[in-house]
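First up is the structure itself, then whatever we jot down about it.
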Amino acid sequence: MPSVQADAIRTVEAIYLRIPRAQSPHMGRQPPVNERGYIVDDDNGTIYPADDRTVILRITTEGGRVGWGETYGIAAGTVVGELVKDLIQPVLRGRDPLDVQVIWQSLYNMMRVRGYTSGFWLDALAAVDIALWDLCGKILGRPVHKLLGGQQRDRIPAYITNIAGSDNAARLDSVRALYDKGFRAFKVHAATSFDYVALLRDLRANFPDITLMLDLHWVHTSAEALSIIRKIEPYDIAFVEAPCRYEDLDGLARVAQGSSIPIAGGEEWRTVHDAHLRLKSGALTIIQPEMGRCGITQFMRMAALADVHHARTMPHATIGFGIFMAASLQASAAIHDLPWHEFQNSVLPRHLPLFETAMKCEAGFYHVPDAPGLGIEPREELWRHVVA
Ligand code: MG
C-alpha cells in the first residue's frame with residue numbers, strides 16, 4: 001500500500017447559495033413573505049426562508065485536494081461566512097486535515113468561555129468538520145464510513161417526512177403513491193390547520209403494515225403532550241418527536257414516564273452535551289441528530305452515547321442541498337442501531353442533479369456512496385446559485 005502523503009490546509013471558504021422554490025414545503029397555511037424572503041410559521045413560530053438556502057464550505061489543501069462541507073444557511077446565511085473568514089481560516093491554515101477531531105475540539109475551545117456552545121458558531125464548526133472528514137477520506141482513498149469504523153449496511157431505510165395534500169383525503173392519496181414506490185414509514189407533522197389525529201387514524205386503517213411517527217414540534221406542555229399521546233395510542237405509533245419545548249427537560253422526562261409510545265428528539269442539538277442532558281434522565285429512547293448542525297464528529301459521539309443508554313439513532317434530515325446529507329449517510333452506515341433515517345422527499349430529489357454522487361433514495365432506501373470521502377462533488381450548475 002502506498003504511503004500517505006502529508007497535506008496541509010491552505011484555504012477555508014464559505015459559499016452562500018439560494019435557489020428559488022416552486023412549491024413551499026410548508027404544511028399549514030401559507031403566511032406572507034417578508035422583505036428579506038422569510039415567513040414565520042403560524043404553528044410553531046419558527047422563521048423559514050421562502051426559497052432554498054444553504055452554506056457550502058470548501059477546504060483546499062496545499063496539495064490541491066478539495067474537501068466539501070455544508071451547514072444550514074436557511075436563516076441569516078451570511079453569518080457563517082463571516083465566522084469562517086475572520087476566525088476559522090486563519091487558525092486552520094497549515095493544519096493537517098487528518099487531525100479532524102483535534103481541530104473540532106480546538107475550535108470549540110476558542111469560543112467556549114464566551115458561551116458560544118451552540119448556534120451559528122457550531123453551524124460553522126459542523127461545516128468545517130464535514131469538509132475535513134471528506135478530505136480525510138480523499139487523502140486515505142476510502143469512503144468516510146470506513147474511517148468511522150466500518151460499514152454496518154450499504155442501504156439505509158428511509159422514512160417519508162412530507163405527506164403532501166390540501167386535505168386528509170389527498171394526504172392518503174400521497175401516501176398510497178409513495179407506498180406503491182416502496183416506502184413503508186411516514187411521519188405526520190402536527191399542525192393546527194388540519195386534524196392530524198384523524199390522519200393517523202385513517203393511515204393506520206388503510207395501511208396496516210406501515211410504520212407511523214408523529215412530530216409535535218416543541219410547542220406543548222408535558223400535560224398537553226401526554227393528552228395527545230393518549231389519543232394516538234390505538235394507532236401503533238413508532239415514536240412521538242419533540243413533545244415539549246426545547247428547554248423543558250423535566251417536562252420531557254414526565255412525558256417519557258407517562259407515555260406508552262417512545263419519545264424522540266435531537267434535531268436541534270449541536271454537541272454530545274445536548275444529548276447527555278436528555279439521555280441521562282431516560283427521557284429519550286430515540287435520538288435524531290442533524291448532520292448539518294452537529295457535523296460528523298459530534299454525530300458519532302451522540303450515537304455512541306445513545307448506545308450506552310440503549311437508545312436508538314434515527315437521524316434528522318431537512319433542507320440542505322446534499323453535502324451534509326451525504327455526510328449523514330456515511331455516518332449512518334457505520335452506526336449499529338439505526339432503524340430509520342428521515343427523507344425530505346420534497347427537497348433532496350430537487351437538489352441531487354446539482355451533484356456528482358451515487359447517493360439516492362429509492363424504493364424506501366437510501367443508497368450510501370462508496371467513493372473516497374463523502375462521495376459527493378458539486379457540478380458546475382451548482383455555482384449558478386451563489387449569492388454574490
Ligand atoms: Mg422535527
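Just so you know, all these numbers are worked out from the coordinates, no wet-lab data involved. Keep in mind it's a predicted model, so treat the numbers as computed, not measured. Every residue, glycine as well, gets a Cβ built from its backbone with ideal geometry; the counts of neighbours run over all protein chains shown.
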Comparing ALA327, ALA164, ALA131, which has the greatest mean-square fluctuation in the GNM of the chain with Cα pairs linked when under 10 Å apart?
-> ALA164
Taking a straight Cα-to-Cα line shorter than 14 Å from LYS231, and setting aside same-chain aspartates and glutamates fewer than 8 residues away, one finds ASP195, ASP202
Show that you can apply the helix-only estimate: for the chain, add -39,500 (n - 2.57) for every DSSP H stretch of four or more residues, divide by all residues, and state [θ] at 222 nm to the nearest 500.
-> -10500 deg cm²/dmol
Looking only at lysines whose Cα falls under 27 Å of LYS280's and that sit 8 or more positions away or on another chain, we get LYS187
Which of the peptides 81-89, 137-145 is most tightly packed, and how do the rest follow, going by the mean number of other Cβ atoms within 10 Å of each residue?
-> 137-145, 81-89
GNM on the chain, C-alpha springs below 10 Å: top fluctuator among GLY265, GLY364, GLY373?
-> GLY364
Rounded if a/c under 1.5, otherwise prolate or oblate - the chain, Cα gyration tensor axes | prolate
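Let me know the shape class of segment 2-145, please: from the alpha-carbon gyration tensor, a ≥ b ≥ c as square roots of the eigenvalues, rounded when a/c is under 1.5, otherwise prolate if a/b is greater than b/c, or oblate. Working shown, then result.
Values: a/c = 2.64, a/b = 1.93, b/c = 1.37.
Prolate shape, in that a/c is at least 1.5 and a/b is the bigger ratio.
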Folded to 0 to 90 degrees: helix 196-206 orientation relative to the chain principal axis, Cα = 80
For SER259, list long-range residues whose amide hydrogen, built 1.01 Å from N in the peptide plane, is under 5 Å from its own amide hydrogen.
-> none
With θ set to phi - 60° and the Karplus curve 6.51 cos²θ - 1.76 cosθ + 1.60, what are the ³J(HN,Hα) couplings of segment 274-291 in order, to the nearest whole Hz, using x for Gly and Pro?
-> 4, 5, 4, 4, 8, 7, 5, 8, x, 6, 10, 10, 9, 10, 10, x, 10, 4
Looking at the chain, send over the antiparallel percent of its DSSP beta bridges, to the nearest 5.
-> 60
Gyration tensor on Cα atoms of segment 149-372, a ≥ b ≥ c root eigenvalues, a/c under 1.5 rounded, else prolate if a/b beats b/c, else oblate, says oblate
Using alpha carbon centers only, segment 85-115 is separated from segment 314-388 by a whole-angstrom value of 26
Most fluctuating of ARG201, ARG350, ARG114 in the GNM of the chain (C-alpha, under 10 Å) is ARG114
Please give the helix 222-232 orientation as an angle from the longest Cα principal axis of the chain, in degrees from 0 to 90, rounded to the nearest 10.
-> 70
Provide the net charge surrounding VAL197, with neighbours chosen by a C-beta distance below 12 Å and charges set as Lys +1, Arg +1, Asp -1, Glu -1.
-> +1
Charge-dipole axis of the chain as Lys and Arg at +1 and Asp and Glu at -1 on Cβ define it, positive-most pick from LEU338, ILE139, ALA283 | ILE139
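Around ARG18, what is the net charge, scoring Lys/Arg as +1 and Asp/Glu as -1 over all other residues with Cβ under 10 Å from its Cβ? Write out the running numbers ahead of the final one.
Details: positive: ARG21, ARG53; negative: ASP51, ASP52.
My count for the surroundings of ARG18 gives 0.
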Taking Cα atoms only, helix 119-140 is inclined relative to the longest principal axis of the chain by an angle, in degrees rounded to 10, of 60
Hz values of 3J(HN,Hα) by residue in segment 147-152 - Karplus curve (6.51, -1.76, 1.60), Gly and Pro given as x = 6, 8, x, x, 9, 6
